[in-house]
Amino acid sequence: MKELIKKVVNRETIMYLIFGVLTTLVNWVVYRIFDVIFGGGNAAAVSESAGAFDDALNTFAQKGAAGIIAWFAAVTFAYVTNRIFVFSERAYGFKGVALECGRFFGARVLTGIIEILGVPFLIVLGLKAQVFGLDVAKLIISVIIIVLNYVFSKLFVFKKDKEKEA
């Protein structure tokens, strides 16, 4: 049990959690700013004459646009901080960094899709509550995203080079 704790709780995971929280804050702040810009920050900002389908479409458009912008800002912040502070294995040289950055952004596309579509989907399903002006749906999706992003970063982006270990 002690060995498992040492394997899970180490400098890398602690740093990842710290920068994961900061990345999430970047995402939330940017999301909230653009959520207000695009739709007034309401879970479903709709007109009096709009029907249920129009309400859902409007919610997806507003929340989705805010999510795309927030995702890009957060992924950029995460790449820089993960590269500098979290993972000791990283590429060097223009080609190496470009490939690493491409893998990082590529690995984030799946979780980005989950986030961008997941928040409005949960809201349309009825999860319209807010905490501190942020959708509860956004909070739930954010926890899932942090875990998935660590797994993808560890396994596909900042993976140890087998040749270096040999």
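Read-outs: derived from the displayed coordinates by stated rules, not from any lab. Quick caveat: nothing in here was measured; it's all calculated off a predicted structure. Positions of Cβ are generated from backbone atoms using ideal geometry, with glycine treated the same way; all protein chains shown enter the neighbour counts.
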The alpha-carbon pair-distance distribution computed for the chain, with 5 angstrom bins and whole-percent values, is 1, 8, 16, 19, 16, 12, 10, 7, 5, 3, 1, 0, 0, 0
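Can you tell me the FRET efficiency between V80 and V9 if r is taken as the Cβ-Cβ distance and R0 is 25 Å, rounded to the nearest 0.05?
Values: r = 24 Å, r/R0 = 0.98.
E(calc), rounded to 0.05, equals 0.55.
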Estimate the FRET efficiency between L125 and V97 by the formula 1/(1 + (r/R0)^6), using the beta-carbon distance for r and 41 Å for R0, to the nearest 0.05.
-> 0.50
What size of dipole, in debye to the nearest 20, comes out for the chain about its Cα centre when the only charges are +1 on Lys and Arg C-beta atoms and -1 on Asp and Glu C-beta atoms?
-> 820
With only helices counted (DSSP H, runs n ≥ 4, each -39500 (n - 2.57)), the per-residue ellipticity at 222 nm for the chain, to the nearest 500, works out to -24500 deg cm²/dmol
May I ask you to list the residues of the stretch 115-156 whose amide nitrogen lies under 12 Å from a point 7 Å from Cα along the Cα→beta-carbon direction of D55?
-> 124-128
Which whole DSSP H helices in the chain pass both tests: a Cα extent of 15 Å or more along the axis and a mean Kyte-Doolittle value no lower than 1.6?
-> 136-152
